[in-house]
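Contents: one structure, followed by commentary.
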Amino acid sequence: MDAKTVHRWILHYIIDPSILAPMAAYAWSRFRGGYQRPPWLRPFLRVQVLDLIQGVIFIAIAMAHHNNQWFRHIVQPIIFTGLLWTLARTAEEGARRTRLYLVCIGVGLAAAVTGVFVNGLLWRNALFMTTQSLIYMGVGTYELRRLFNSEDDRSLPDRPEFWLAAALLIYGSSALIFSATSNYLLRTLSAQMVRVPWIVNGIVIVCYELALAKVFLCRKSTSS
């Protein structure tokens, strides 16, 4: 990459506040203290670190003028699995709950493998991304309903698991149509118009990253 390309990469994808939001929130929570740290927060942090690394590498490959979709075919299902398994651990495990999440993970991974043959390694794995969005919508709604009906007297915005479920629901519901049609848009839209759906999707990603950041920033309840 030439110096200009490296500069653009650093400017847009290393110091992009939406990409760094979860890590910045984690650093702030450690620095200030007083924030909730449930047992599942550590695996959640690992998933966020992996997601940040894969995003940086993904963009670096693109700016080196190489096709980068093969890389996301490999890494994105891993992140999907990590997020779902983290969400599964936000409540007491039961056989029914474990089966639900194992089925969702299995369906997602099957879609990821099938998408390699349907879409090919050089195009977005639209089959997997669409399946992922549907699963995120389903489990996000399921978890939010469970939280609404729980006997915990804490307000929902004060609970880290609320923000994790909300983030997945935001992403799944907002990115569903884009995930299903992205390859079609790449093939049919002009060079000027093809940026539009990606900008809209980028706004969704910002909202998603901010909700993930909030997971680290839920204050501990103070005793009276």
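The values are calculated or read from the model by the stated rules, or taken from the named source; none is laboratory data. Every value quoted in this text rests on a predicted model; they were computed, and no experiment measured them. Don't worry about glycine lacking a Cβ; one is built from the backbone with ideal geometry, like all the others, and counts go over all protein chains shown. Remember, those area values only see protein heavy atoms, side chains included, never the ligands or the DNA or RNA. Shrake-Rupley method; radii C 1.70, N 1.55, O 1.52, S 1.80 Å.
Key figures
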item: Summed side-chain charge close to Gly34 - residues other than Gly34 whose Cβ falls under 9 Å, Lys, Arg +1, Asp, Glu -1; result: +3
item: Where labels lie 7 Å past Cα in the beta-carbon direction, separation of Leu122 and Ile74 in nm; result: 1.9 nm
item: Phe80 accessible area, 1.4 Å probe, all protein chains in place, Å² to nearest 10; result: 0 Å²
item: Förster radius 35 Å - calculated FRET efficiency between Thr114 and Phe148 (Cβ-Cβ, nearest 0.05); result: 0.50
item: Long-range amide H partners of Tyr35 with built H, under 5 Å; result: Lys220
item: Gain upon complete extension [Thr141, Val103; 0.36 nm per residue less C-alpha separation]; result: 12.0 nm
